[in-house]
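Here is the structure we will look at.
The values are calculated or read from the model by the stated rules, or taken from the named source; none is laboratory data. For clarity, every value in this text was computed on a predicted model and none was experimentally measured. Here the Cβ positions follow ideal geometry from the backbone for every residue, glycine too, while neighbour counts run over all protein chains shown. These accessible areas exclude ligands, DNA and RNA; they are computed on the full protein's heavy atoms, side chains included. Shrake-Rupley method; radii C 1.70, N 1.55, O 1.52, S 1.80 Å.
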Amino acid sequence: TLGWTSLGGWVVGGFAGVGRFFFPRVRYEAPTSFKVGRPEDYVVNTVDSRWLKEQSVFIIRKPDGLYAMRAACTHLGCSIGWFAQEGKFKCPCHGSFFDIQGDVLGGPAPEPLHRAAISQDLDGSIRIDTAQTSHKPGEREKTPFLLEV
């Protein structure tokens, strides 16, 4: 009886440990919606990378507005970088490169970079939502993927 009870306890404990693995108490992902300041915080015709490390996005300010570019290559999801002297986003993993609009200029990437939804709150601050993205030309140049300023 003692042996069967011990074996049963061991089996139940094992399944409980495995089951606990699938339901963690902590969420390790960054929030999908976050504030990034005000439009006047960004210089026209620049790519701002201050949110790259925390949120994995670039904020691009053009004369007509702002947009947020996801910093993930569309080939295999590697983190891309902005090279201002060349005016290109580049992927260090497989050599894809993109223009400031996110369009593919070369490499194995199959589609343009994704833009995240961008809006302005009532207090004037900019809000980015990385849960909503688009890479389709025509769609990405309209609300909610372009904040007109």
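Name the shape class, rounded, prolate or oblate, that the alpha-carbon gyration tensor gives for region 40-121, where a ≥ b ≥ c are the square roots of its eigenvalues, rounded holds for a/c under 1.5, and otherwise prolate holds if a/b is larger than b/c and oblate otherwise. Prolate is the answer for region 40-121, as a/c is 1.5 or above and a/b outweighs b/c. Working from label points 7 Å from Cα in the Cα-to-Cβ sense, the Phe23 to Trp4 distance is 2.9 nm.
Could you please state how large a percent of the accessible area of the chain is carbon and sulfur, counting protein chains only and using a 1.4 Å probe? The value for the chain is 59 percent carbon and sulfur by accessible area.
The overall shape of region 11-149, judged from the alpha-carbon gyration tensor, is oblate: a/c is not under 1.5, and a/b is no greater than b/c.
Among the chymotrypsin sites (Phe, Trp or Tyr not before Pro) in region 23-132, those placed in a DSSP loop whose Cβ has at most 14 other Cβ atoms within 10 Å are Tyr28. With contacts taken as Cα pairs under 8 Å at a separation of at least 6 residues, region 110-149 carries a relative contact order of 44 percent. Among the protein heavy atoms, those of Lys35 account for about 90 Å² of accessible surface (1.4 Å probe, every chain in place).
Roughly how many Å² is the accessible area per residue of the chain, as a whole number, for a 1.4 Å probe?
61 Å²
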